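J.: What follows is a structure written as structure tokens; I'll ask about it next.
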Amino acid sequence: MKIVVCLKQVPAKDAPLRPLPDGSGIREDVGYEMNEPDAYALEEALRRKEAGGGEVVALTLGPERASQILREALAKGADRALHLVSPPEARLDAAATAAAIAAALQRDASSSGAAAGSAAGGFDLVLTGLQSDDMGFAQTGVLLAERLGLPHATIIMQIEPAGSGLRVKRELEGGFFQSLEMPLPAVLTIQSGIHKLRYATLLGIKQAKNKPLAKIPLEELGVDTPNCQRMLRLFVPQKTKKTIMLDGPAPEIAARLLEHLRAAHLLPGS
Amino acid sequence: MQHPEMQADIVIVGAGPAGLACALRLAELYDRHNREHPDRPLQKENILVLEKGREPGAHLLSGAVMDPAAWRRLVPDFEQSQELAFTPVADDAVFALTARRAWPLPLTPPPLRNHDNFVISVNRLGQWLAARAEAAGVTIFPATAAVEPLWHRDQPQKMRGVRTGDKGLDRDGKQKSNFEPGYDLLAPVTVLAEGSRGSLTRQLLETLKLASVNPPLYSLGVKEIWELPAGRFPAGRVWHTLGWPLPPSQYGGGWIYGLPGNRVSIGLVTALEYADPRTDPHAYFQRFKTHPRVRALLQGGELRRYGAKTIPIGGWDSMPPLAGQGWMIAGDGAGLLNSQRLKGIHLALESGRLAAEAAYQAIALSEPRRLLEYAEAVRSGVIGRELYAVRNFHQGFERGLLAGLAHAGLQMLTRGRGLRRRYPAVAGHLRMRPLAEMPAAPPAPFQPDGKLTFDKLADLYYSGTRHEENQPPHLQVRDPGICTFRCSHEYGNPCQFFCPAAVYELIGEGGERRLQLHPSNCVHCKTCDFMDPYGIITWVPPEGGGGPNYEGM
């Protein structure tokens, strides 16, 4: 099976984030890492390959620094990587990102000799995390499916082969799950925590250096899908509520509580 | 258990200034070798560098003002490193602090004159060197801890490489489903460049029964980066302070360095050789920020980063043997730090470079004994000259600040000698005195305000520290009974005070009182590894990738 897994580099979970003064984004003085749900998508892709053979291609779209997560994916066992390099100041929304990835997959297919007309560029399965830890839109995977003209399913917990397609388990609200069968090729967005993530071995890290990592400047793809979203402002929420702790013996607390309620005009007739 | 093996030319433990300088210089020597001897080429990918942090630089922390001489030798195309944003030191001053006043010294003492030096981020320096070394073809293994030296079976004095840590073990040491065994990395040359109080360095010295003349001595540096309103403190300004809040008997001092982007590096160094077990270096640092002068500076600013790290301050007579059969020690791990100038990065870089020269001889000529030349090159070269001249500086302060200044003056007149060739030193944990000998009233606990001053847990958030939670504890307390039944009475569990990351917590009351460990808070400063009065705490590397993330520090 030929699988492409779409990964995003996001600020490290423990990074102390700071909005830019103009609210257009965060300051870049933080560490970055692979988006956690994407790491599970990669793990699923590697397990599919181990079970049934084939190829795993790791793909990212992002500035130069994002190559780091591709090297990590190669070290864990991906066969090759595609880096769609965006200019540092570029801020693509989910629609523009999906358009660029779709174009890159089709281009990859024509360059690797697969049937040029095939929807997913010759890939049987496109995996990505269900959403990114930074923006959290959960849109890119779905829009990518639309761009590629493929069926998709989201929040995937489990994947099994079923005939010529797949049986997948989706997570719904409130502890419910949905099981459905779908044909291939398909786009799936993967839920975090469905497997234990593997570690890159030292041998894997060493071998990763000799695996192909293609860098494609975004402008070379010739995609002119404009952003559909515009971020107005990124800011730290203003504190609107304030908790007051009352200590002391119960009668005293009760009296002071009454005072506060009266002062806030929260008592009938006050 | 079977450990996969990997053969290499050299294993360098630690991607800091020393380890990366070694890797980079060795890669250059390989290039030259391959031009001159195309018939027997050397492979640069067989230069292995191990880094326990999640990426190179993640565990690097320093003030830092760097003497650029060694950097220029290592990176002659110095201009190209301008992207590192080295800030030339613009002006410097030293202040003597009392609780309310700051007295500028009329003359900046010569060792603290920093013209021609640079204010840098050692984290960025490490990241930059690592990228350059990788581009040169060196293999760097991030998130990979070396856990023990390996020895030749038939030559027990001869090192044959290191073993890396297992990954995917649970709390009880059982294998999880993603378990990966550690590797045995085998090479004729191993360089231990682990930084202050390296855990393999310690094992090596114990195994070979080697020791320095004086015991190793350490300080603990606690640092924050603040962002201030524009124009408050210019980039390149360097201030050092003496005195308050440290008592006169306590060696140490504060610093404030101006960084680009309206930021300052601010910190306080407390020597880990005090008598009162209730001494809390983190609290001293917080108090330092409440000095009127410092408070005014930080007013309206915001905390950005936090970190803490030990600093080897013993100098020349605390240096361990630097090389032996199959091994060399470089950088802070070898105690190469000038405590008078408060600088070690240049010595780390230089020692790494020298280790590469010796390693090349040993590898290319198959002459393992050439490693011993490294020890000689350090001791008799620029490093040794610098350290020998200040060999007694720190020990002169054993009896407090005033005596220390007198000794320092005398030493300056006698080229570092002072009253005798070698001032003796006592290991820090041996200078701690039981509570019974201390004033009965404990010092009032410091109350942070959450704006200017912070408790350890609040600060810890700004260190980016993270560990896999379900793993064997990496702080091994040999006999927890001593903590509960002896230490609590005799010393009052000083670990809860000296640890700058709130790893050690006493919970429960009265007879139920016991020590609770929070290893995932650990910032890898190593203080507990030598400062506990019974010597029962051993710091071992946690699963690779765990620890702080000192971005920009």
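The values are calculated or read from the model by the stated rules, or taken from the named source; none is laboratory data. Just so it is clear, the model here is predicted, and its values are computed rather than measured. Please note: Cβ atoms are built from the backbone with ideal geometry, for glycine as well, and neighbour counts cover all protein chains shown.
J.: Tally up the residues in segment B:403-445 that are assigned to a loop (DSSP other than H, G, I, E, B) and modelled with pLDDT of 90 or more, please.
T.: 3
J.: Would you say B:G545 is within 14 Å of chain A (Cβ to nearest Cβ) and in contact with a Phe, Trp or Tyr (Cβ under 8 Å, 6 or more places away or on another chain)?
T.: no
J.: Tell me yes or no: at least one residue of segment B:448-458 is touching a Ser or Thr at 6+ places or on another chain (Cβ under 6 Å), modelled with pLDDT of 95 or more and farther than 30 Å from B:F393 by Cα.
T.: No, there is no match, as no residue in segment B:448-458 is touching a Ser or Thr at 6+ places or on another chain (Cβ under 6 Å), modelled with pLDDT of 95 or more and farther than 30 Å from B:F393 by Cα.
J.: Okay, next question. Filter segment B:432-447 down to residues that are buried (at least 16 other Cβ atoms within 10 Å of the Cβ) and under 28 Å from the mean Cα position of the chain (by Cα) and give me whichever is farthest from B:G404 (Cα to Cα).
T.: B:F446
J.: Tally time: how many residues in segment B:270-298 are of a type in the set (A, V, I, L, M, F, W, C), assigned to a helix (DSSP H, G or I) and in contact with a strand residue (DSSP E or B) (Cβ under 8 Å, 6 or more places away or on another chain)?
T.: 5
J.: Related question: Can you name the residue in segment B:310-339 that is of a type in the set (V, I, T) and assigned to a strand (DSSP E or B) and is also farthest from the chain's Cα centre (by Cα) among such residues?
T.: Out of the qualifying residues, it is B:I329.
J.: Of all the residues that make up segment A:108-137, how many are modelled with pLDDT under 75 and outside any helix (DSSP H, G or I)?
T.: Counting residues in segment A:108-137 that are modelled with pLDDT under 75 and outside any helix (DSSP H, G or I) gives 10.
J.: Which of (1) farther than 28 Å from B:H115 by Cβ; (2) surrounded by fewer than 21 Cβ atoms within 10 Å (Cβ to Cβ); (3) within 12 Å of another protein chain (Cβ to nearest Cβ) is the odd one out, the single condition B:L48 does not satisfy?
T.: (2)
J.: While we're looking at this one, here's another question. For A:A66, are the conditions met, namely being buried (at least 24 other Cβ atoms within 10 Å of the Cβ) and either within 14 Å of another protein chain (Cβ to nearest Cβ) or in a helix (DSSP H, G or I) (or both)?
T.: no
J.: Does A:L74 qualify as being part of a loop (DSSP other than H, G, I, E, B) and among the aliphatic types (A, V, I, L, M)?
T.: Considered against the rule, which asks whether it is part of a loop (DSSP other than H, G, I, E, B) and among the aliphatic types (A, V, I, L, M), A:L74 comes out as no.
J.: Looking at segment A:1-59, which of its residues are away from chain B (no Cβ under 13 Å), in a helix (DSSP H, G or I) and surrounded by fewer than 18 Cβ atoms within 10 Å (Cβ to Cβ)?
T.: A:E50, A:A51, A:G52
J.: Mind telling me which of the residues B:G63, B:G16 ends up being on the phi < 0 side of the Ramachandran plot and modelled with pLDDT under 95?
T.: Selected residue: B:G63, the only one of B:G63, B:G16 that is on the phi < 0 side of the Ramachandran plot and modelled with pLDDT under 95.
J.: What strands (runs of 3 or more DSSP E) completely inside segment B:188-250 contain at least 1 residues that are at pLDDT 95 or above and assigned by TED's automatic domain parsing to the domain that holds B:A143?
T.: B:189-192
J.: Which residue out of B:Q447, B:Q496 is touching a strand residue (DSSP E or B) at 6+ places or on another chain (Cβ under 9 Å) and not assigned by TED's automatic domain parsing to the domain that holds B:L169?
T.: Selected residue: B:Q496, the only one of B:Q447, B:Q496 that is touching a strand residue (DSSP E or B) at 6+ places or on another chain (Cβ under 9 Å) and not assigned by TED's automatic domain parsing to the domain that holds B:L169.
J.: Could you name every one of the strands (runs of 3 or more DSSP E) located completely within segment B:1-62 that has at least 2 residues being touching a residue at least 12 places away in the same chain (Cβ under 8 Å) and in contact with a helix residue (DSSP H, G or I) (Cβ under 7 Å, 6 or more places away or on another chain)?
T.: In segment B:1-62, B:10-13, B:47-50 are the strands (runs of 3 or more DSSP E) which contain 2 or more residues that are touching a residue at least 12 places away in the same chain (Cβ under 8 Å) and in contact with a helix residue (DSSP H, G or I) (Cβ under 7 Å, 6 or more places away or on another chain).
J.: Residues in segment B:364-397 that are surrounded by 19 or more Cβ atoms within 10 Å (Cβ to Cβ) and in a loop (DSSP other than H, G, I, E, B): how many?
T.: Selection size over segment B:364-397: 5.
J.: So, one more: Starting from residues that are acidic (D, E) and assigned to a strand (DSSP E or B), keep the ones in segment B:164-184 and report whichever is farthest from the other protein chains (Cβ to nearest Cβ).
T.: Across segment B:164-184, the extreme among qualifying residues is B:D184.
J.: Is it true that B:A187 is among the aliphatic types (A, V, I, L, M) and farther than 25 Å from A:K206 by Cα?
T.: no
J.: Mind listing whichever residues of segment B:121-156 are surrounded by fewer than 24 Cβ atoms within 10 Å (Cβ to Cβ), touching a strand residue (DSSP E or B) at 6+ places or on another chain (Cβ under 7 Å) and more than 11 Å from chain A (Cβ to nearest Cβ)?
T.: Of everything in segment B:121-156, those that are surrounded by fewer than 24 Cβ atoms within 10 Å (Cβ to Cβ), touching a strand residue (DSSP E or B) at 6+ places or on another chain (Cβ under 7 Å) and more than 11 Å from chain A (Cβ to nearest Cβ) turn out to be B:V147, B:E148, B:P149, B:L150, B:W151, B:H152.
J.: Also, I was wondering about something else. Are there any helices (runs of 4 or more DSSP H) wholly within segment B:448-553 with 1 or more residues that are among the β-branched types (V, I, T) and either in contact (Cβ under 8 Å) with a residue 40 or more places away in the chain or surrounded by 19 or more Cβ atoms within 10 Å (Cβ to Cβ) (or both), and if so which?
T.: Where helices (runs of 4 or more DSSP H) fall fully within segment B:448-553 and carry at least 1 residues being among the β-branched types (V, I, T) and either in contact (Cβ under 8 Å) with a residue 40 or more places away in the chain or surrounded by 19 or more Cβ atoms within 10 Å (Cβ to Cβ) (or both), they are B:527-531.
J.: Is one or more of the residues making up segment B:60-79 crowded, with 21+ Cβ neighbours inside 10 Å and within 14 Å of chain A (Cβ to nearest Cβ)?
T.: Yes - at least one qualifying residue is present in segment B:60-79.
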